[in-house]
(Lines give C-alpha, C1' and ligand atoms only; values in the text may rest on other atoms or scores of the structure.)
Protein backbone atom coordinates (compact mmCIF):
# COMPACT_ATOMS: atom_id res chain seq x y z
CA UNK A 1 0.00 0.00 0.00
CA UNK A 2 1.12 3.55 -0.65
CA UNK A 3 1.97 5.78 2.27
CA UNK A 4 0.05 8.75 3.59
CA UNK A 5 0.42 12.25 2.19
CA UNK A 6 1.09 15.57 3.81
CA UNK A 7 -1.88 17.73 4.71
CA UNK A 8 -3.39 19.53 1.74
CA UNK A 9 -1.82 17.23 -0.86
CA UNK A 10 -3.56 14.66 -3.01
CA UNK A 11 -2.04 11.18 -2.84
CA UNK A 12 -0.75 10.18 -6.29
CA UNK A 13 0.26 6.55 -6.84
CA UNK A 14 3.63 6.01 -8.52
CA UNK A 15 4.01 3.58 -11.39
CA UNK A 16 7.31 2.40 -12.90
CA UNK A 17 7.40 3.21 -16.61
CA UNK A 18 8.44 -0.27 -17.76
CA UNK A 19 5.65 -1.89 -15.74
CA UNK A 20 3.10 0.52 -17.20
CA UNK A 21 4.04 -0.34 -20.76
CA UNK A 22 3.56 -4.03 -20.08
CA UNK A 23 0.19 -3.70 -18.38
CA UNK A 24 -1.80 -1.62 -20.82
CA UNK A 25 -2.53 -2.11 -24.55
CA UNK A 26 -2.09 0.67 -27.04
CA UNK A 27 -4.66 3.43 -26.64
CA UNK A 28 -6.47 5.41 -29.30
CA UNK A 29 -7.58 9.03 -29.37
CA UNK A 30 -10.59 10.55 -31.02
CA UNK A 31 -11.90 13.86 -32.26
CA UNK A 32 -15.35 14.80 -31.05
CA UNK A 33 -17.83 17.57 -31.71
CA UNK A 34 -19.27 18.51 -28.31
CA UNK A 35 -22.16 20.97 -28.24
CA UNK A 36 -21.22 22.41 -31.61
CA UNK A 37 -17.52 22.99 -30.90
CA UNK A 38 -14.78 20.88 -32.42
CA UNK A 39 -12.55 19.74 -29.57
CA UNK A 40 -8.96 18.56 -29.65
CA UNK A 41 -8.12 14.90 -29.39
CA UNK A 42 -9.42 13.40 -26.16
CA UNK A 43 -9.55 10.33 -23.97
CA UNK A 44 -12.49 8.00 -23.32
CA UNK A 45 -13.46 5.87 -20.33
CA UNK A 46 -16.39 3.49 -19.86
CA UNK A 47 -17.41 2.14 -16.47
CA UNK A 48 -20.35 0.63 -14.61
CA UNK A 49 -21.94 1.12 -11.20
CA UNK A 50 -21.61 -1.49 -8.50
CA UNK A 51 -24.00 -2.50 -5.77
CA UNK A 52 -22.49 -3.16 -2.36
CA UNK A 53 -23.47 -6.37 -0.58
CA UNK A 54 -21.60 -5.17 2.50
CA UNK A 55 -21.86 -1.39 2.51
CA UNK A 56 -19.21 1.30 2.73
CA UNK A 57 -20.83 3.86 5.03
CA UNK A 58 -18.54 6.21 6.90
CA UNK A 59 -15.19 7.83 6.13
CA UNK A 60 -12.00 7.13 8.05
CA UNK A 61 -10.39 10.27 6.66
CA UNK A 62 -12.25 12.86 4.59
CA UNK A 63 -9.13 14.33 3.00
CA UNK A 64 -7.86 11.03 1.58
CA UNK A 65 -11.44 9.76 1.15
CA UNK A 66 -10.72 6.42 2.79
CA UNK A 67 -13.44 4.26 4.34
CA UNK A 68 -14.01 3.23 7.95
CA UNK A 69 -14.75 -0.34 6.91
CA UNK A 70 -14.13 -2.78 4.10
CA UNK A 71 -16.95 -3.37 1.61
CA UNK A 72 -17.89 -5.97 -1.00
CA UNK A 73 -19.79 -5.33 -4.22
CA UNK A 74 -20.89 -6.74 -7.55
CA UNK A 75 -20.41 -4.64 -10.68
CA UNK A 76 -23.53 -4.11 -12.79
CA UNK A 77 -22.20 -4.18 -16.34
CA UNK A 78 -25.44 -3.42 -18.20
CA UNK A 79 -25.62 0.09 -16.69
CA UNK A 80 -22.99 2.33 -18.21
CA UNK A 81 -21.26 5.66 -17.74
CA UNK A 82 -19.20 6.92 -20.68
CA UNK A 83 -16.85 9.85 -20.04
CA UNK A 84 -14.70 11.80 -22.49
CA UNK A 85 -11.95 14.24 -21.58
CA UNK A 86 -10.67 17.01 -23.87
CA UNK A 87 -8.26 19.91 -23.73
CA UNK A 88 -10.10 23.13 -22.96
CA UNK A 89 -9.57 26.79 -22.11
CA UNK A 90 -11.11 26.22 -18.66
CA UNK A 91 -12.00 23.28 -16.44
CA UNK A 92 -15.65 22.43 -17.05
CA UNK A 93 -18.00 19.48 -16.80
CA UNK A 94 -21.11 18.31 -18.65
CA UNK A 95 -23.31 15.47 -17.37
CA UNK A 96 -25.96 14.14 -19.73
CA UNK A 97 -25.60 17.26 -21.88
CA UNK A 98 -26.02 19.75 -19.02
CA UNK A 99 -23.18 21.96 -17.83
CA UNK A 100 -22.58 21.10 -14.17
CA UNK A 101 -20.58 22.68 -11.37
CA UNK A 102 -17.38 20.68 -10.94
CA UNK A 103 -17.20 19.34 -7.39
CA UNK A 104 -14.11 19.47 -5.19
CA UNK A 105 -13.74 15.69 -5.64
CA UNK A 106 -13.76 15.99 -9.42
CA UNK A 107 -11.19 18.78 -9.15
CA UNK A 108 -9.05 16.58 -6.89
CA UNK A 109 -9.05 13.75 -9.44
CA UNK A 110 -8.08 16.14 -12.25
CA UNK A 111 -5.34 17.61 -10.06
CA UNK A 112 -3.94 14.17 -9.24
CA UNK A 113 -3.72 13.24 -12.92
CA UNK A 114 -2.20 16.59 -13.88
CA UNK A 115 0.48 16.01 -11.26
CA UNK A 116 1.03 12.45 -12.45
CA UNK A 117 1.29 13.47 -16.11
CA UNK A 118 3.11 16.79 -15.61
CA UNK A 119 0.28 18.64 -17.36
CA UNK A 120 -0.75 22.23 -16.61
CA UNK A 121 -3.64 22.75 -19.05
CA UNK A 122 -7.39 22.82 -18.49
CA UNK A 123 -9.82 20.01 -19.24
CA UNK A 124 -13.40 19.57 -20.35
CA UNK A 125 -15.21 16.50 -18.97
CA UNK A 126 -18.26 15.19 -20.84
CA UNK A 127 -20.12 12.33 -19.15
CA UNK A 128 -23.23 10.37 -20.15
CA UNK A 129 -25.16 7.86 -18.03
CA UNK A 130 -27.45 5.17 -19.42
CA UNK A 131 -29.44 5.28 -16.16
CA UNK A 132 -30.75 7.89 -13.68
CA UNK A 133 -28.07 9.53 -11.53
CA UNK A 134 -27.99 10.75 -7.91
CA UNK A 135 -30.87 8.49 -6.85
CA UNK A 136 -29.18 5.49 -5.24
CA UNK A 137 -28.02 3.66 -8.38
CA UNK A 138 -24.31 4.24 -7.68
CA UNK A 139 -23.80 6.77 -10.46
CA UNK A 140 -20.96 8.42 -8.52
CA UNK A 141 -19.09 5.10 -8.49
CA UNK A 142 -19.34 4.60 -12.24
CA UNK A 143 -18.86 8.33 -12.86
CA UNK A 144 -15.53 8.64 -11.07
CA UNK A 145 -14.30 5.29 -12.39
CA UNK A 146 -15.12 6.37 -15.95
CA UNK A 147 -13.41 9.72 -15.36
CA UNK A 148 -10.25 8.00 -14.14
CA UNK A 149 -10.24 5.67 -17.16
CA UNK A 150 -10.76 8.63 -19.51
CA UNK A 151 -7.89 10.57 -17.92
CA UNK A 152 -5.64 7.52 -18.10
CA UNK A 153 -6.49 7.31 -21.81
CA UNK A 154 -6.07 11.05 -22.38
CA UNK A 155 -2.60 11.12 -20.83
CA UNK A 156 -1.61 7.66 -22.20
CA UNK A 157 -0.45 6.61 -18.73
CA UNK A 158 -1.49 2.95 -19.04
CA UNK A 159 -1.96 2.55 -15.29
CA UNK A 160 -2.66 -0.89 -13.83
CA UNK A 161 -6.08 -1.57 -12.31
CA UNK A 162 -4.83 -1.37 -8.74
CA UNK A 163 -3.60 2.18 -9.31
CA UNK A 164 -6.67 3.15 -11.32
CA UNK A 165 -8.69 1.99 -8.32
CA UNK A 166 -6.64 4.21 -6.03
CA UNK A 167 -7.16 7.23 -8.26
CA UNK A 168 -10.90 6.47 -8.41
CA UNK A 169 -11.02 6.42 -4.60
CA UNK A 170 -9.95 10.07 -4.56
CA UNK A 171 -13.34 10.87 -6.07
CA UNK A 172 -15.51 8.19 -4.46
CA UNK A 173 -14.67 5.25 -2.24
CA UNK A 174 -17.22 3.11 -4.05
CA UNK A 175 -15.68 4.09 -7.40
CA UNK A 176 -12.56 2.14 -6.47
CA UNK A 177 -14.65 -1.05 -6.86
CA UNK A 178 -16.11 -0.03 -10.25
CA UNK A 179 -12.69 -0.37 -11.86
CA UNK A 180 -13.24 -4.14 -11.64
CA UNK A 181 -15.81 -6.47 -13.13
CA UNK A 182 -17.48 -9.18 -11.07
CA UNK A 183 -17.21 -9.13 -7.28
CA UNK A 184 -14.70 -6.77 -5.68
CA UNK A 185 -13.62 -5.82 -2.17
CA UNK A 186 -12.55 -2.30 -1.16
CA UNK A 187 -10.30 -1.96 1.87
CA UNK A 188 -7.61 0.53 2.71
CA UNK A 189 -6.73 2.80 -0.20
CA UNK A 190 -7.89 0.68 -3.13
CA UNK A 191 -10.10 -2.20 -4.21
CA UNK A 192 -9.23 -5.60 -5.66
CA UNK A 193 -11.20 -8.20 -7.53
CA UNK A 194 -12.38 -11.25 -5.61
CA UNK A 195 -13.87 -13.34 -8.40
CA UNK A 196 -16.51 -13.68 -11.07
CA UNK A 197 -19.80 -15.38 -10.23
CA UNK A 198 -21.33 -15.96 -13.64
CA UNK A 199 -24.60 -17.44 -12.34
CA UNK A 200 -25.33 -14.49 -10.06
CA UNK A 201 -27.76 -12.14 -11.79
CA UNK A 202 -28.98 -8.69 -10.82
CA UNK A 203 -31.89 -6.52 -11.83
CA UNK A 204 -32.86 -3.07 -10.65
CA UNK A 205 -36.30 -1.75 -9.80
CA UNK A 206 -36.37 2.01 -10.31
CA UNK A 207 -39.11 3.47 -8.13
CA UNK A 208 -37.79 7.04 -8.12
CA UNK A 209 -35.45 8.71 -10.61
CA UNK A 210 -35.26 12.17 -8.99
CA UNK A 211 -32.09 13.17 -7.16
CA UNK A 212 -32.06 12.28 -3.47
CA UNK A 213 -32.26 15.12 -0.94
CA UNK A 214 -29.32 13.91 1.19
CA UNK A 215 -26.18 12.94 -0.69
CA UNK A 216 -24.09 9.98 0.42
CA UNK A 217 -21.16 12.04 1.72
CA UNK A 218 -23.43 14.25 3.84
CA UNK A 219 -25.35 11.18 4.99
CA UNK A 220 -22.17 9.43 6.12
CA UNK A 221 -21.01 12.50 8.03
CA UNK A 222 -24.36 12.94 9.77
CA UNK A 223 -24.58 9.26 10.67
CA UNK A 224 -21.08 9.13 12.17
CA UNK A 225 -21.79 12.26 14.19
CA UNK A 226 -25.30 11.55 15.49
CA UNK A 227 -26.26 7.85 15.28
CA UNK A 228 -26.01 5.81 18.48
CA UNK A 229 -26.21 2.62 16.38
CA UNK A 230 -23.26 3.52 14.16
CA UNK A 231 -20.47 2.40 16.51
CA UNK A 232 -22.22 -0.92 17.09
CA UNK A 233 -22.32 -1.42 13.34
CA UNK A 234 -18.58 -0.78 13.07
CA UNK A 235 -17.83 -3.27 15.85
CA UNK A 236 -19.46 -6.09 13.90
CA UNK A 237 -18.77 -5.25 10.28
CA UNK A 238 -15.33 -6.84 10.07
CA UNK A 239 -16.78 -10.26 10.85
CA UNK A 240 -19.61 -9.60 8.40
CA UNK A 241 -17.11 -8.90 5.61
CA UNK A 242 -15.26 -12.14 6.42
CA UNK A 243 -18.50 -14.12 6.26
CA UNK A 244 -19.48 -12.50 2.96
CA UNK A 245 -16.11 -13.36 1.40
CA UNK A 246 -16.54 -16.95 2.54
CA UNK A 247 -20.06 -17.19 1.12
CA UNK A 248 -18.85 -15.83 -2.23
CA UNK A 249 -15.96 -18.29 -2.35
CA UNK A 250 -18.31 -21.17 -1.47
CA UNK A 251 -20.97 -19.94 -3.93
CA UNK A 252 -23.43 -20.07 -1.02
CA UNK A 253 -26.21 -17.91 -2.46
CA UNK A 254 -28.70 -18.45 0.36
CA UNK A 255 -26.29 -17.33 3.07
CA UNK A 256 -25.03 -14.39 1.00
CA UNK A 257 -28.58 -13.33 0.16
CA UNK A 258 -29.64 -13.30 3.80
CA UNK A 259 -26.51 -11.38 4.78
CA UNK A 260 -27.04 -8.81 1.99
CA UNK A 261 -30.67 -8.17 2.91
CA UNK A 262 -29.94 -7.75 6.62
CA UNK A 263 -26.92 -5.57 5.82
CA UNK A 264 -29.10 -3.31 3.68
CA UNK A 265 -31.65 -3.11 6.48
CA UNK A 266 -28.94 -2.26 8.99
CA UNK A 267 -27.46 0.56 6.92
CA UNK A 268 -30.86 2.17 6.46
CA UNK A 269 -31.68 1.68 10.16
CA UNK A 270 -28.50 3.57 11.03
CA UNK A 271 -29.55 6.33 8.63
CA UNK A 272 -32.95 6.55 10.33
CA UNK A 273 -31.21 6.67 13.71
CA UNK A 274 -29.23 9.74 12.59
CA UNK A 275 -30.44 13.22 13.44
CA UNK A 276 -32.15 14.66 11.57
CA UNK A 277 -33.20 11.23 10.27
CA UNK A 278 -32.08 10.25 6.78
CA UNK A 279 -34.88 8.52 4.91
CA UNK A 280 -33.64 7.08 1.63
CA UNK A 281 -36.35 4.42 1.24
CA UNK A 282 -39.96 5.20 0.32
CA UNK A 283 -43.24 3.28 0.36
CA UNK A 284 -42.47 1.65 -2.99
CA UNK A 285 -39.09 0.51 -1.67
CA UNK A 286 -40.82 -1.30 1.18
CA UNK A 287 -43.22 -2.92 -1.29
CA UNK A 288 -40.21 -4.34 -3.13
CA UNK A 289 -38.89 -5.70 0.17
CA UNK A 290 -42.25 -7.26 0.95
CA UNK A 291 -42.45 -8.89 -2.47
CA UNK A 292 -38.95 -10.38 -2.11
CA UNK A 293 -39.87 -11.83 1.27
CA UNK A 294 -42.96 -13.40 -0.27
CA UNK A 295 -40.81 -14.95 -3.02
CA UNK A 296 -38.62 -16.45 -0.34
CA UNK A 297 -41.33 -18.09 1.75
CA UNK A 298 -40.40 -21.53 0.34
CA UNK A 299 -36.65 -20.90 0.22
CA UNK A 300 -34.28 -18.03 -0.46
CA UNK A 301 -34.37 -17.39 -4.22
CA UNK A 302 -33.92 -13.62 -4.38
CA UNK A 303 -32.25 -10.93 -2.30
CA UNK A 304 -32.88 -7.19 -2.20
CA UNK A 305 -30.35 -4.53 -1.36
CA UNK A 306 -30.53 -0.73 -1.45
CA UNK A 307 -27.73 1.80 -1.65
CA UNK A 308 -28.32 5.38 -0.48
CA UNK A 309 -31.60 5.75 -2.36
CA UNK A 310 -35.04 4.19 -2.85
CA UNK A 311 -34.23 2.01 -5.85
CA UNK A 312 -33.79 -1.72 -5.32
CA UNK A 313 -31.18 -4.10 -6.66
CA UNK A 314 -32.47 -7.68 -6.77
CA UNK A 315 -30.05 -10.62 -6.83
CA UNK A 316 -30.93 -14.13 -7.97
CA UNK A 317 -29.30 -17.27 -9.37
CA UNK A 318 -32.24 -18.50 -11.44
CA UNK A 319 -33.21 -15.71 -13.82
CA UNK A 320 -35.51 -17.90 -15.91
CA UNK A 321 -37.55 -18.93 -12.86
CA UNK A 322 -37.78 -15.33 -11.73
CA UNK A 323 -39.00 -14.13 -15.11
CA UNK A 324 -41.53 -16.97 -15.35
CA UNK A 325 -42.95 -16.06 -11.97
CA UNK A 326 -42.82 -12.30 -12.50
CA UNK A 327 -44.05 -11.92 -16.05
CA UNK A 328 -47.50 -12.82 -17.28
CA UNK A 329 -47.38 -12.36 -21.03
CA UNK A 330 -51.07 -13.18 -21.28
CA UNK A 331 -52.09 -9.79 -19.91
CA UNK A 332 -49.83 -7.61 -22.01
CA UNK A 333 -46.57 -7.88 -20.11
CA UNK A 334 -43.49 -8.25 -22.25
CA UNK A 335 -39.73 -8.27 -22.25
CA UNK A 336 -38.19 -5.69 -24.59
CA UNK A 337 -34.42 -5.89 -24.99
CA UNK A 338 -33.04 -5.54 -21.43
CA UNK A 339 -36.18 -3.97 -20.02
CA UNK A 340 -38.94 -5.70 -18.11
CA UNK A 341 -41.87 -3.58 -19.18
CA UNK A 342 -44.13 -4.75 -16.39
CA UNK A 343 -43.55 -7.01 -13.41
CA UNK A 344 -46.22 -9.05 -11.70
CA UNK A 345 -46.27 -10.96 -8.39
CA UNK A 346 -45.45 -14.68 -8.50
CA UNK A 347 -47.93 -16.66 -10.59
CA UNK A 348 -48.33 -20.22 -9.35
CA UNK A 349 -49.34 -22.94 -11.77
CA UNK A 350 -52.90 -22.99 -10.47
CA UNK A 351 -53.39 -19.22 -10.62
CA UNK A 352 -55.42 -17.65 -13.41
CA UNK A 353 -53.34 -15.30 -15.52
CA UNK A 354 -56.00 -12.62 -15.53
CA UNK A 355 -56.20 -12.61 -11.73
CA UNK A 356 -52.65 -11.40 -11.20
CA UNK A 357 -52.26 -7.81 -10.13
CA UNK A 358 -49.65 -5.61 -11.85
CA UNK A 359 -46.46 -4.96 -9.94
CA UNK A 360 -46.55 -1.23 -9.15
CA UNK A 361 -43.01 -0.17 -9.97
CA UNK A 362 -42.10 1.66 -13.17
CA UNK A 363 -39.72 -0.07 -15.56
CA UNK A 364 -37.24 -2.40 -13.88
CA UNK A 365 -34.19 -3.20 -15.97
CA UNK A 366 -32.91 -6.76 -16.22
CA UNK A 367 -29.17 -6.47 -15.89
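At pLDDT 95 or above and not in a helix (DSSP H, G or I), is that true of residue 147?
No.
I'm told residue 213 meets every condition in (1) buried (at least 18 other Cβ atoms within 10 Å of the Cβ); (2) under 28 Å from residue 131 (Cα atoms) except one. Can you identify the failing condition by its number?
Residue 213 satisfies every listed condition except (1).
Name every residue in segment 155-190 that is assigned to a helix (DSSP H, G or I) and in contact with a helix residue (DSSP H, G or I) (Cβ under 8 Å, 6 or more places away or on another chain), in order of residue number.
164, 165, 166, 167, 168, 169, 170, 171, 175, 176, 177, 178
Quick one: in segment 296-311, of everything that is buried (at least 22 other Cβ atoms within 10 Å of the Cβ) and over 14 Å from residue 256 (Cα atoms), which residue is modelled with the lowest pLDDT?
Here the residue is 311.
Can you go through 213, 111 and tell me which one is in the same structural domain as residue 256 (by TED's automatic domain parsing) and more than 15 Å from the chain's Cα centre (by Cα)?
Answer to the check: 213.
Name the one entry in 156, 103, 111, 165 that is at pLDDT 95 or above and within 24 Å of residue 220 (Cα to Cα).
Values: 156 fails: within 24 Å of residue 220 (Cα to Cα); 103 fails: at pLDDT 95 or above; 111 fails: within 24 Å of residue 220 (Cα to Cα).
Checking each option against the conditions leaves just 165.
Inspect segment 114-124 for any residue being without any contact (Cβ under 8 Å) to a residue 24 or more places away in the chain and part of a loop (DSSP other than H, G, I, E, B) and give the result as yes or no.
Yes, segment 114-124 contains at least one residue that is without any contact (Cβ under 8 Å) to a residue 24 or more places away in the chain and part of a loop (DSSP other than H, G, I, E, B).
The values are calculated or read from the model by the stated rules, or taken from the named source; none is laboratory data. From a predicted model like this one, the values you see are computed outputs, not experimental measurements. Quick reminder, even Gly has a Cβ in these numbers, built from the backbone with ideal geometry, and neighbours come from all protein chains shown.
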